[in-house]
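Worksheet for the structure shown next.
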Amino acid sequence: MCKVLLRSTIMVLVFGSIASADLIYVNKNSTATPPAGTVDYPYLEIQDAITAANSGDTILVKPLTNPTGTYSRIDYTSKFITIKSDEDWTNGS
């Protein structure tokens, strides 16, 4: 009985964290304030999004429109996250 309960609890914790994954947005060209990681108020830096992210989250990075602009070096801080670039934020995939 104890083993079954423990396995159920672990499954809920694992699948619960995956099910609640968030999309976090980054756009270096944004002028919206305050940055909050949303479509309307994206973070300016990838590292800010990583810091705010939880394992299982996806960070969508808007491609740079300024050819001289760059994103800074990033540290994943041992999180299991996905970072991808997508010009079209409407589909979220």
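Annotations for the structure displayed:
- Out of Ala36, Ala52, sole residue that is surrounded by 10 or more Cβ atoms within 10 Å (Cβ to Cβ), at pLDDT 70 or above and out of contact with any helix residue (DSSP H, G or I) (no Cβ under 9 Å at 6 or more places or on another chain): Ala52
- Applying a threshold of 8 Å to beta carbon distances and a minimum spacing of six or more residues, or different chains, the list of pairs starting in the stretch 81-93 at a residue that is of a type in the set (A, V, I, L, M) and modelled with pLDDT of 55 or more and ending at one that is surrounded by 12 or more Cβ atoms within 10 Å (Cβ to Cβ) and assigned to a strand (DSSP E or B) reads Ile81/Thr58; Ile81/Ile59; Ile83/Thr58; Ile83/Ile59; Ile83/Val61.
- With respect to the conditions (1) modelled with pLDDT of 90 or more; (2) among the polar types (S, T, N, Q); (3) open to solvent by 60 Å² or more (accessible area, probe 1.4 Å), Thr58 falls short on a single one, namely (3).
- Output for the stretch 33-52, where each listed residue is polar (S, T, N, Q), under 12 Å from the mean Cα position of the chain (by Cα) and in a loop (DSSP other than H, G, I, E, B): Thr38
- Considering the conditions (1) assigned to a loop (DSSP other than H, G, I, E, B); (2) at pLDDT 90 or above; (3) surrounded by 10 or more Cβ atoms within 10 Å (Cβ to Cβ); (4) hydroxyl-bearing (Ser, Thr, Tyr), Tyr25 is excluded by exactly one of them, (1).
The values are calculated or read from the model by the stated rules, or taken from the named source; none is laboratory data. Not measured: the values here are computed from a predicted model. No Cβ is skipped: glycine too gets one built from the backbone with ideal geometry, and neighbour counts run over all protein chains shown. Heads up: the accessible areas ignore ligands, DNA and RNA and are worked out on the full protein's heavy atoms, side chains in. Shrake-Rupley method; radii C 1.70, N 1.55, O 1.52, S 1.80 Å.
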